[in-house]
Amino acid sequence: MFQTIAIVGRPNVGKSSLFNRLLDKRVAIVADEPGTTRDRVTGFVSRNEEKAILVDTGGISLQDGNQIDKGIRIQVNSAIQEADALMFVVDTNSGILPLDQQIANLLRSTNKPVLLVANKADNTKRESTIAEFYKLGMGAPHPVSALHRVGIAEMVDEIFSLLPDNPEYADYPEGSIPVAIVGRPNVGKSSLINSILGEDRSLVSEIPGTTRDAIDSEFQYGDRDFILIDTAGIRRKGHISPGVEKFSVSRALQAVERSKIAVLVVDAKEYLTAQDLHVAGYVQDAYKGLVLVINKWDLAQEEELDREEIESLIRRRIQFFPDMPIRFTSAISGKGVMSIFDAIKDIEAERMKRITTSKLNRMLMDAVSAHPPATSGKKRLKIYYGTQAEVDPPTFVFFTNDPSLVHFSYKRYLENTIRKHFGFKGTAIRTLFKARSEESSAGD
Ligand code: GDP
């Protein structure tokens, strides 16, 4: 369960530089909605094994006069609401400006933990300015330099220690399948949920989620129970004001994290955007399953859309989920909607599949002899044997002479070979490589 850290502050204090400095290798998701600027981004920050969602709120600027613009106030308020902790960035070069004071007042009225970060603290002469920031009443300023990478590790340590205790995963009833419905605004997610939970189908229960004011809905379809994660978050929207959407990205990532299978909804007229691809990439990184839903298919004829053409275009772009199910739906008429859950059941079965060690090793021997690992320097990778260590997500461990010799392309080759032999359609699989000595109990 990830918590969210938001970066706030007026323009030019270096929020984006800090954001980029803190970001994990995984690419940030830029919300490409109209009305949001390119600097509204969401990514991940880590401290050792811990990970949190990091959000850059963009600039808080003064419109006319000295008042914070209303739209921006809404944006900052939503940042504060969704965040578990805030980093309030000020500029050591310029000292306290009136806008800093206003933001401090805004932040003080919440009871979220705030870390005051004095950026651009590049030299010791600035110590007196740093002391000035105590006047903001936000506690001790933490001097950092995003540019020169000074004080960053300490700041990360500090912000993680300010996060409240991590909430537990909601305890989903055994045997139920938690599903995240994600996609850009207006693709029809709420309409789909209405259609799914419509009066003719029995909504079993509403379970409060672990994210603030999230509500999960449990329902039955056929012989299975499904949990739709954070239905409240999907429905609650109305008019999306700038700045709010990027929080729905972090909300979507939370939902994916809590799911087993994600349903990525796209609009038949637009299909895949860069943001959709990022989200799909995230589903893969989190080792979940994926169903792609092309909604508003009732408009296909009118718009002269060709099913096969769209399908092949999408498959070319999401190659990392080979054989992922694609469903065409109309949330308005209900057509095709429940077929999503047939696809989910299939993926769940794939995720629970166990491949025997003997079958896996027969595959491994063939794969290695068909395409032996390249030598790197004097050393050649040797893979002795493999075993499926876990289901859900399907996890394969391969024992080798030296895991550092496993090239990314070889890992991908083995994953593709596993898929070719055993399927695992629509779900991510995980392969791990270990040195044989790490596993003493297993024989050769
Ligand atoms: P969300 O932002 O993804 O939750 O999208 P909504 O469910 O609010 O839908 C956005 C708009 O698209 C609304 O005006 C819906 O009536 C419309 N819409 C949703 N699903 C369909 C569909 O299957 N066909 C058509 N023609 N319109 C749809």
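The values are calculated or read from the model by the stated rules, or taken from the named source; none is laboratory data. No experiment lies behind these values; they were computed from the predicted model shown. Here Cβ is always computed from backbone atoms with ideal geometry, including for glycine, and neighbour counts include all displayed protein chains. Ligands, DNA and RNA are excluded from the accessible area calculation, which covers all protein heavy atoms including side chains. Shrake-Rupley method; radii C 1.70, N 1.55, O 1.52, S 1.80 Å.
Key figures
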item: Some residue of segment 326-335 being open to solvent by 30 Å² or more (accessible area, probe 1.4 Å) and without any contact (Cβ under 8 Å) to a residue 12 or more places away in the chain; result: no
item: For N361: the one exception among (1) in contact with a strand residue (DSSP E or B) (Cβ under 6 Å, 6 or more places away or on another chain); (2) assigned by TED's automatic domain parsing to the domain that holds G183; result: (2)
item: Residue that is modelled with the highest pLDDT, among those in segment 183-215 that are under 21 Å from the mean Cα position of the chain (by Cα) and open to solvent by 50 Å² or more (accessible area, probe 1.4 Å); result: N186
item: Unique match (being of a type in the set (A, V, I, L, M, F, W, C) and in a strand (DSSP E or B)) among L364, L414, L360, L432; result: L432
item: Given (1) open to solvent by less than 10 Å² (accessible area, probe 1.4 Å); (2) among the β-branched types (V, I, T); (3) free of Cβ contacts under 8 Å to residues at least 40 places away in the same chain, index of the condition T375 fails; result: (1)
item: Matching entry among V41, V55, V27 (being open to solvent by 10 Å² or more (accessible area, probe 1.4 Å), modelled with pLDDT under 85 and touching a strand residue (DSSP E or B) at 6+ places or on another chain (Cβ under 6 Å)); result: V41
item: In segment 84-107, residue farthest from I130 (Cα to Cα) [restricted to those that are open to solvent by less than 50 Å² (accessible area, probe 1.4 Å) and assigned to a helix (DSSP H, G or I)]; result: L106
item: Candidate set from segment 284-294 (those that are among the hydrophobic types (A, V, I, L, M, F, W, C) and more than 16 Å from the ligand (Cβ to nearest atom)); member that is farthest from A268 (Cα to Cα); result: A286
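Okay, residues lined up against (1) more than 16 Å from the ligand (Cβ to nearest atom); (2) in contact (Cβ under 8 Å) with a residue 60 or more places away in the chain:
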{"position": "K296", "(1), (2)": "no, yes"}
{"position": "E304", "(1), (2)": "no, no"}
{"position": "Q319", "(1), (2)": "yes, no"}
{"position": "D323", "(1), (2)": "yes, yes"}
{"position": "S339", "(1), (2)": "no, no"}
{"position": "I347", "(1), (2)": "yes, yes"}
{"position": "L364", "(1), (2)": "yes, no"}
{"position": "S369", "(1), (2)": "yes, no"}
